[in-house]
Ligand code: PMP
């Protein structure tokens, strides 16, 4: 077997121990004589699987009791619509624009709400995160993106919003380090980076934001589709319709693995170490450099470029790098076209050895090409 180090922005690597366990349980999970892929979501066999995934997520993220955990479909992208649809009351929301994904969230929200973009780092091609101490106003919610997958930046300090619910897209850094859930109204994330294979989206939502017929602030408008209402899914324990059973099972295995290997503290320490190994190399290299402001650097997605300034030559060098790296078993290192250069996504499941192998390869490449 020849496994590669996969630096993809997502879907991305899963812990090998998890894949091995899934393989061992493929034909007969927990003595049921079935794969989880074949189980009815209403069966006695599946009930403990979804319950266990939720319990582990609650434990690892220390999710307070007054929050619901929902396992939905449609990706983080569907939340760009569900959140305005479900939270709209006054008709206005504040967004902080820190990159492509915030931009998509803003564009979608504008279908239902007036959007105030209260801060943006567009002026410097999203290489930093604007510092916003406080957001005030007649807003239904304030939306932030905690980690910007394409540009490789992270929000280290969230704005104070008083009584306004703070909503966070944490798709690319959920469970990479501690997050104080109680500060947020909603945290949502597509699972395909740190949590599971693609197919499930986690929504952690404070109960008072789930509006339904009995909600004290009134029902949602009748034309909000049933499947796009948080109360539909909350009332049925994410089982209103068939949930993405296998992805939920896989998330349970990933979370169980994290718990058994030192919990979130160990994950955080490992992520910081991995990121430091790569950034330290980039900061001393005369050939490669990181593209983001130091204080806002992501520890999950690390874009970098070469020192070549002429566009055509730089392009050719990037292509050479990506292709030679792939031959060395380091795959998916091409950067996003909006940033150029390369990007190493080093989510939870990327081992330290993978990052060390990348740095060793970069040293060699630098010596041969600088
Ligand atoms: N938000 C962020 C920060 C992302 O990185 C992504 C996916 N790369 C999305 C949203 C969209 O997620 P999905 O593909 O699950 O809709």
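Per-structure values
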{"read-out": "Rounded to 10°, Cα long-axis angle of helix 311-327 versus longest principal axis of the chain", "value": "80"}
{"read-out": "Virtual spin-label span in nm between residue 208 and residue 65, 7 Å along Cα→Cβ", "value": "1.7"}
{"read-out": "Nearest-0.05 FRET efficiency for residue 27 and residue 276, computed from C-beta distance (R0 56 Å)", "value": "0.85"}
{"read-out": "Spacing of the two label points (7 Å from each Cα toward its C-beta) at residue 181 and residue 215, in nm", "value": "2.0"}
{"read-out": "Region 75-112-region 191-251 distance, computed between alpha-carbon centres (Å)", "value": "16"}
{"read-out": "Rg/Rg_ref, region 284-370, where Rg_ref = 2.2 N^0.38 Å and atoms are Cα", "value": "1.03"}
{"read-out": "Along each principal axis, Cα extent of region 1-160, largest first, Å", "value": "56, 40, 29"}
{"read-out": "Helix 352-369 vs. the chain, principal-axis angle (Cα, 0 to 90°, nearest 10)", "value": "40"}
{"read-out": "Region 234-291: equivalent-ellipsoid semi-axes (sqrt of 5 x gyration tensor eigenvalues, Cα, Å)", "value": "38, 16, 9"}
{"read-out": "Enclosed volume per residue, in Å³, of the convex hull spanned by Cα atoms of region 133-229", "value": "133"}
{"read-out": "FRET efficiency for residue 337 and residue 368, using Cβ-Cβ distance with R0 set to 22 Å, rounded to 0.05", "value": "0.30"}
{"read-out": "Among 265-271, 101-107, 19-25, the order from most to least packed when residues are scored by Cβ within 10 Å on average", "value": "101-107, 265-271, 19-25"}
{"read-out": "Helix 47-61 axis, angle to the chain major axis (alpha carbon atoms, nearest 10°)", "value": "60"}
{"read-out": "Rounded to 5, percent antiparallel among DSSP beta bridges of the chain", "value": "55"}
{"read-out": "Size-normalised alpha-carbon gyration radius of the chain, reference 2.2 N^0.38 Å", "value": "1.02"}
{"read-out": "Gain on full stretching of the segment that runs from residue 240 to residue 294 - 0.36 nm per residue minus C-alpha separation", "value": "15.0 nm"}
{"read-out": "Protection proxy ranking, peptides 166-174, 41-49, average beta carbon neighbours within 10 Å, highest first", "value": "166-174, 41-49"}
{"read-out": "For region 220-319, convex hull volume per residue from C-alpha positions, Å³", "value": "238"}
{"read-out": "For peptides 149-156, 298-305, sequence by mean Cβ density within 10 Å, most packed first", "value": "298-305, 149-156"}
{"read-out": "For the chain: relative contact order, % (alpha-carbon pairs under 8 angstrom, 6 or more apart)", "value": "22"}
{"read-out": "Rounded FRET efficiency, nearest 0.05, which uses the C-beta distance separating residue 73 from residue 51 and R0 of 30 Å", "value": "0.95"}
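Values in this text are rule-based calculations from the coordinates and carry no lab data. Keep in mind it's a predicted model, so treat the numbers as computed, not measured. Note: ideal-geometry Cβ built from the backbone for every residue, glycine included; neighbour counts use all protein chains shown.
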